[in-house]
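These notes concern the structure reproduced below.
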Amino acid sequence: MTKHIQQIAIVGCGWLGTPLAFHLKGLGFDVRGSRQHVSARLDLTQVNIANTALSLTPELVCDDAPLLFDGTDLLIINIPPRRKSHDSHYHIAQINALKQAAIDYHIPRILFVSSTSVYGPDQGLVDESTPLKPVTESGKTLVAIEHDLQTSPLHCCILRFGGLIGAGRHPGRFLSGRKVDGADAPVNLIHQKDCIAIIQAVIERDLFDGSYNAVCDAHPCKQTFYEAAAKALSLELPIFSQMSTGNKLISNQALKQALDYSFIYPDPIRWVSEQEI
C-alpha cells in the first residue's frame, strides 16, 4: 500500500479488471469491485474482494454504493465504449455518472482506462503532445470523456492502452484466415501483465495528473506480427494486402520516464513465439 492510497474501487471487473483486483489485493490494498450481474461476481467473492452489482443505464444503479465508494481513495474506471455510433452520448453519460459519484463520495483520484484510438490512423509517430484526431466513434467518445475528466475537480490519470493481448486474448486467433489490409502498418500492443504493472506503478507514485500512452516498445508491421502469431498456434495465416490502413506508431517514452518503467513484454513477437497463452 501507499501512504495516501489504501482503498481502491474498480468499476469494470472483466478481462483486465479482475486480475488487477487480485493483484492489488495481494499487495495489501483494500480492493472493492463491481460487475453488472450478480452471477459474475463469484470469483471476486471467493478471494474475499468486497463487491457489488453495478449498472450504468446510463444513470448509476448500484446495489451497495457505499460499499464501493465510501472511504475510497482511488476509483479505477475500466469500461470501454460500445461500438455502435449512436451509443456515444450514452457512454459519455455513463462515465459522467461515475465521475459524479466520485465527487459525491469525496474520492480524490480517478484512473481512467482509455485507448490509443484517440489518435488518428495517419498521424505517424505520436506522443502525448500530438493533437487528438480520432476517426472511429469509440475514439471520439473517449476524447470527450478524457476532456470531461481532465476539467473536473478530481485528480485524474488517463492511461491510453494499445491493443490488448495476454491470457485468453492470443492475437493468433484475431485475424487467422481473414483478408486484411495494411500489411505494413505498425502494431501498437500491450500485454495484460504490463497493464496491471503500469497501474500499480501509477498508484505507487501517486501520479494522478496527466495522460500517458501505454504500448510495447517494439512495433513490428501488421503482417509480420499476425503471421507469427498465427504460426505460434498452428492456425491458418491471414491474407494481407498492401492497401494502407495508416502509419500510426505510438510512443511510450513519456510513461517510461514518468514511472521509471521497463516493460515485462517489450516485444509482442517474442511473446507470441513463446506461445504463452
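The values are calculated or read from the model by the stated rules, or taken from the named source; none is laboratory data. Since the model is a prediction, treat every value here as computed from it, not as a measurement. Backbone-built Cβ (ideal geometry, glycine too); neighbour counts: all protein chains shown.
Screening Thr57, Thr52 for residues that are farther than 25 Å from Gly26 by Cα and at pLDDT below 95 leaves exactly one candidate, Thr57. The lone criterion from (1) of a type outside the set (A, V, I, L, M); (2) surrounded by 21 or more Cβ atoms within 10 Å (Cβ to Cβ); (3) without any contact (Cβ under 8 Å) to a residue 60 or more places away in the chain; (4) touching a Lys or Arg at 6+ places or on another chain (Cβ under 9 Å) left unmet by Thr116 is number (3).
The set of residues in the range 210-257 that are among the hydroxyl-bearing types (Ser, Thr, Tyr), under 20 Å from Asp184 (Cα atoms) and not in a helix (DSSP H, G or I) comprises Ser241, Ser244, Thr245, Ser251.
Among the residues of the range 57-115, those identified as charged (D, E, K, R) and assigned to a helix (DSSP H, G or I) are Asp87, Lys99, Asp104. For the range 164-195, filtering for residues that are assigned to a loop (DSSP other than H, G, I, E, B) and either over 22 Å from Ser114 (Cα atoms) or hydrophobic (A, V, I, L, M, F, W, C) (or both) leaves 12. Does the range 31-49 hold any residues that are in contact with a helix residue (DSSP H, G or I) (Cβ under 9 Å, 6 or more places away or on another chain) and either buried (at least 20 other Cβ atoms within 10 Å of the Cβ) or at pLDDT below 75 (or both), and which are they? Correct list: Val31, Arg32, Gly33, Ser34, Arg35, Asp43, Leu44, Ile49.
Scanning the range 138-158 for residues that are under 16 Å from the mean Cα position of the chain (by Cα) and not in a helix (DSSP H, G or I) returns Cys156, Cys157, Ile158.
Kindly establish whether Ala232 is in contact with a helix residue (DSSP H, G or I) (Cβ under 9 Å, 6 or more places away or on another chain) and surrounded by 15 or more Cβ atoms within 10 Å (Cβ to Cβ). Please lay out each step first, then the result.
Values: in contact with a helix residue (DSSP H, G or I) (Cβ under 9 Å, 6 or more places away or on another chain): yes; surrounded by 15 or more Cβ atoms within 10 Å (Cβ to Cβ): yes.
The answer is yes for Ala232.
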